[in-house]
Amino acid sequence: MPPQTPTPILKEVVVAAWRNNADDLCGLGCATPFNEQDPNLMFTVLLDERKECIFARLGLSVMVKGGGSRKQRCFDFVVPLHACSADGPSINYNTVNVSEIEDESIKAAISAARLPKSGQLIRVNFILSQHGEVVTPWKEEARFSTCSDTSLDLLCGLFSLSDSREFDLYMCPSGYARAGLTTIKNLLQGELQEWSPKATGVYGGRNVMTVDREHVESGRKPRNRQKTRTTTSAVEHNSVLMEEPPPYDPAKTHVPRSPPPDIFQRLASPTNSFLAEDSALSDPGSIPEKGNRKGKRKRSDEEREAVRQALTCRLEKWLCLAFRENDRVYEHVILKPFFDETAPTCVDECDTDKFNVGIAFATAVLACDPHGNCDLYWDHKERFFEIVDDMRALILWSLQRNESSEILPWRKLMDMGEAARTLLRTGERDGYDTIKAQITARCVLEGPVR
């Protein structure tokens with residue numbers, strides 16, 4: 001059983017600022033296309049029970065390619081706070097006004113991250129005695145292909161930050177943040193040991209590996225080009241900014257409400273599978289529509305309107321079932337892209353394929369995290385979406401084999417989600433595998449409808 005992850009003494013959304021080897025000002029942590037509301041950079045500090053070992057990380061998650069699919073993977077800059085002391089290298093923090101920050105791009109990144117509260121920030125200055133390192137859960141082949149240039153830039157920035165022995169972190173001012181920073185400073189009066197990443201339980205008891213720039217490449221290169229390029233140096237301070245950030249909610253300062261990336265972007269290719277007519281996830285009167293492929297006639301206005309009505313009915317029926325699990329499912333933070341973009345776009349464009357993919361994914365997310373608390377996401381970032389992807393794939397595969405029978409009852413899916421939560425918390429997967437086997441066996445025995 002993997003070790004239990006202790007409650008962090010500090011967990012804050014941050015923007016990092018530092019100077020690279022060329023003395024250029026760099027920044028990391030602003031809002032990205034992968035995360036609509038909050039920055040994708042988190043500063044987390046953990047202590048063991050005896051308060052003798054410390055583990056600090058600046059972590060972000062990006063989409064990488066592997067095994068023929070896209071997966072969410074966390075990359076963490078392990079900050080060597082154990083090497084700090086009260087007399088030597090250490091950390092200091094103070095409250096500053098946004099107007100005191102001279103560089104406009106860093107100021108813009110902080111604003112886009114919605115960190116300022118009444119124009120004020122906490123600035124934490126780190127002076128380290130040694131470089132940190134970037135780690136990720138163990139992988140047999142130490143090669144990572146990013147899914148976008150933004151992902152590549154984020155990782156380049158993280159590598160550059162890990163090379164710096166002095167940097168600043170900006171975070172929202174709160175009593176929680178000040179208490180955590182004070183605790184850390186007090187502990188630095190004594191001697192702290194390094195707490196190994198595996199022992200913390202952060203990675204579910206898995207081993208980790210150190211990642212360098214040469215391990216990362218752009219996944220957007222043409223296939224016939226030799227894979228000799230390594231990533232460039234640090235992301236400069238021109239960070240990717242949101243055009244119009246949503247309203248800032250100070251009540252959600254130290255527990256960010258939107259951890260996941262734009263999850264539906266990684267479901268790029270439409271899947272030729274449809275929700276069963278008699279399934280709890282579908283509209284009994286809907287007619288499967290496989291899209292307007294090249295060479296086929298275009299739908300008439302009447303046909304398009306019929307598809308829109310069918311998709312609308314299916315969405316309404318799905319919501320009726322979803323409300324049984326969460327009466328405010330429309331506020332579920334992970335499903336925000338589904339409600340804001342995927343569902344309305346698919347209905348408007350009569351795109352049944354992508355609508356099916358979205359419904360399948362939304363069902364898997366709701367089963368794994370019914371109330372949208374995101375606790376399991378923060379504690380098990382990579383594994384959370386691995387399980388969600390596993391459930392989504394099972395739903396789509398089953399429905400692809402048979403479009404005319406009730407293959408996946410709603411209650412069975414919710415039970416599978418409960419078993420998934422047990423798997424993430426304890427490592428016990430018997431219940432999850434049993435339900436998965438039941439669903440798979442039923443689908444196999446019924447056979448595909450041709």
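Values in this text are rule-based calculations from the coordinates and carry no lab data. Computed from a predicted structure; not experimentally measured. Counting neighbours? That spans all protein chains shown, and the Cβs are built from the backbone with ideal geometry, glycine included.
The length gained on full extension between Thr183 and His371, counted as 0.36 nm times the residue separation minus their Cα-Cα distance, comes to 64.5 nm.
Scaled against 2.2 N^0.38 Å for its residue count N, the alpha carbon radius of gyration of the range 130-183 is 1.55.
Placing a label point 7 Å from the Cα of Arg308 along the Cα-to-Cβ direction, the residues of the range 330-365 whose backbone N falls under 13 Å from that point are 344-351. As a calculated quantity, the FRET efficiency between Ser300 and Lys412 at R0 = 56 Å, using C-beta atoms, amounts to about 0.90. Loop-located GluC sites (Glu not before Pro) in the range 124-223 (DSSP state other than H, G, I, E, B) with a sparse environment of at most 12 neighbouring Cβ atoms within 10 Å: Glu140, Glu141, Glu191. Length available on full extension from Arg324 to Glu341: 0.36 nm per residue minus the Cα-Cα distance, which gives 3.8 nm.
Applying the Karplus relation 6.51 cos²θ - 1.76 cosθ + 1.60 with θ = phi - 60° to the range 354-368 yields 3J(HN,Hα) values of 5, 4, 4, 4, x, 4, 4, 5, 4, 5, 5, 5, 4, 5, 7 Hz, where x marks Gly and Pro. When the listed pairs Lys71/Lys185; Lys139/Lys185; Lys11/Lys317; Lys71/Lys198; Lys65/Lys412; Lys51/Lys71 are checked against a 27 Å cut-off, the alpha-carbon distance exceeds it for Lys71/Lys185; Lys139/Lys185; Lys11/Lys317; Lys65/Lys412; Lys51/Lys71.
Extension gain for Asp430-Ser118 works out to 107.3 nm (0.36 nm per residue, less the C-alpha to C-alpha distance). With a Förster radius of 35 Å applied to the C-beta separation of Arg213 and Asn125, the computed FRET efficiency comes to 0.85.
Sparsely packed loop sites in the range 138-168 (the chymotrypsin sites (Phe, Trp or Tyr not before Pro) outside DSSP H, G, I, E and B with at most 14 other Cβ atoms within 10 Å) comprise Trp138.
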